[in-house]
Amino acid sequence: MPVTLFDSHAHLDAPEFDADRIEVIAAAHRAGVQDMLVPAIDASSWPALRALCESHPGLHPAYGLHPMYLDRHSDSDLHALESWLRAHPARAVGECGLDFHDDALDRERQLHFLRVQLQLARDFDLPLVLHARGAFEQVILELRRFAGALRRGVVHSFSGSAEQARRLWDMGFLTGIGGPVTHERAHRLRKLVAGMPLEFLLLETDSPDQPAAAHRGRRNEPALLTEVLRCISRLRDQPEIEIADATTANGRRLFAFPA
């Protein structure tokens, strides 16, 4: 039975797709991936990302400033983001967040950029697409500062603990799961995915990064979301169609897609 899938995180505007982007999108559609959220990483990418999403049905934009690219950001970009969101419809604010894995990244500056983007998500009533690497406790703390004013989003490529996942779910945040779950050594992640409530699960590729185990070292793309689905189906001992239907519904609800 054919499935309909939603890739909740695909950087289709990345230069890795410049040579064959149209073919990659067509392959995704053939694989059943009908909708893809395309999150921005810096201000310079917003116009091209907007044009890409407007040119291809099923691509949905999110605009933000990624914590790993601090050297590309200026404080004026935060004001520009507010103006951009007023002028251009978006499905979410992001990709934003914290990355404490890389000690070269200024943590206080990351926090400044995240806090302003949290405020913008609240002000524009948009969900968040969050990056959290080595910083789950701080991300949870920052979300709690809003005391109920900001209650939806996804932590993409989730790699935290089960207890951290539960705290995020309690705040209304979903967990994005992609290629890393297909790696046999990802014991903690696999255990979480096997037992977590389906209502908090989103599937993603993080294309062109984080390919499934069978494609290690190669470019990732949305069509390969079927391999993430297949792995999760096995881990949960649950039919693929049920997981596909539920995660697609979760994404449509979170990002307010038309019925």
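The values are calculated or read from the model by the stated rules, or taken from the named source; none is laboratory data. Everything numeric here is computed off the predicted structure, so don't read it as measured data. Counting neighbours? That spans all protein chains shown, and the Cβs are built from the backbone with ideal geometry, glycine included.
Miscellaneous remarks
- Here residue 101 fulfils each of the conditions (1) modelled with pLDDT under 95; (2) part of a helix (DSSP H, G or I); (3) not acidic (Asp, Glu) apart from (2).
- Filter result for residue 101 (touching a Gly at 6+ places or on another chain (Cβ under 6 Å), over 18 Å from residue 255 (Cα atoms) and not charged (D, E, K, R)): yes
- Filtered residues of region 199-253 (kept if more than 14 Å from the chain's Cα centre (by Cα) and among the β-branched types (Val, Ile, Thr)): 226, 228, 232, 241, 243
- Considering (1) closer than 25 Å to residue 143 by Cα; (2) crowded, with 16+ Cβ neighbours inside 10 Å; (3) out of contact with any strand residue (DSSP E or B) (no Cβ under 8 Å at 6 or more places or on another chain), the lone condition that residue 179 does not fulfil carries the number (1).
- Residue match in region 241-257 (condition: among the hydroxyl-bearing types (Ser, Thr, Tyr) and surrounded by fewer than 19 Cβ atoms within 10 Å (Cβ to Cβ)): no
- Evaluation of residue 57 against the conditions (1) closer than 20 Å to residue 210 by Cβ; (2) of a type outside the set (S, T, N, Q); (3) within 20 Å of the chain's Cα centre (by Cα); (4) assigned to a loop (DSSP other than H, G, I, E, B) shows that the sole unmet condition is (1).
- Pairs where the first residue, in region 4-21, is modelled with pLDDT of 95 or more and surrounded by fewer than 18 Cβ atoms within 10 Å (Cβ to Cβ) and the second is part of a strand (DSSP E or B) and polar (S, T, N, Q), C-beta under 8 Å, 6+ apart: 4/34; 14/207
- Test: residue in region 19-28 that is on the phi < 0 side of the Ramachandran plot, part of a helix (DSSP H, G or I) and touching a Phe, Trp or Tyr at 6+ places or on another chain (Cβ under 8 Å): yes
- Residue in region 22-40 that is nearest to residue 258 (Cα to Cα), counting only those that are surrounded by fewer than 23 Cβ atoms within 10 Å (Cβ to Cβ) and of a type outside the set (D, E, K, R): 34
- Residue ID - nearest to residue 99 (Cα to Cα), chosen from residues in region 37-54 that are among the charged types (D, E, K, R) and assigned to a helix (DSSP H, G or I): 50
- Scanning region 132-165 for residues that are aromatic (Phe, Trp, Tyr) and either touching a His at 6+ places or on another chain (Cβ under 9 Å) or at pLDDT 95 or above (or both) turns up 136, 158.
- Within this structure, residue 212 passes the test of being surrounded by fewer than 23 Cβ atoms within 10 Å (Cβ to Cβ), farther than 18 Å from residue 35 by Cα and in contact with a Gly (Cβ under 9 Å, 6 or more places away or on another chain).
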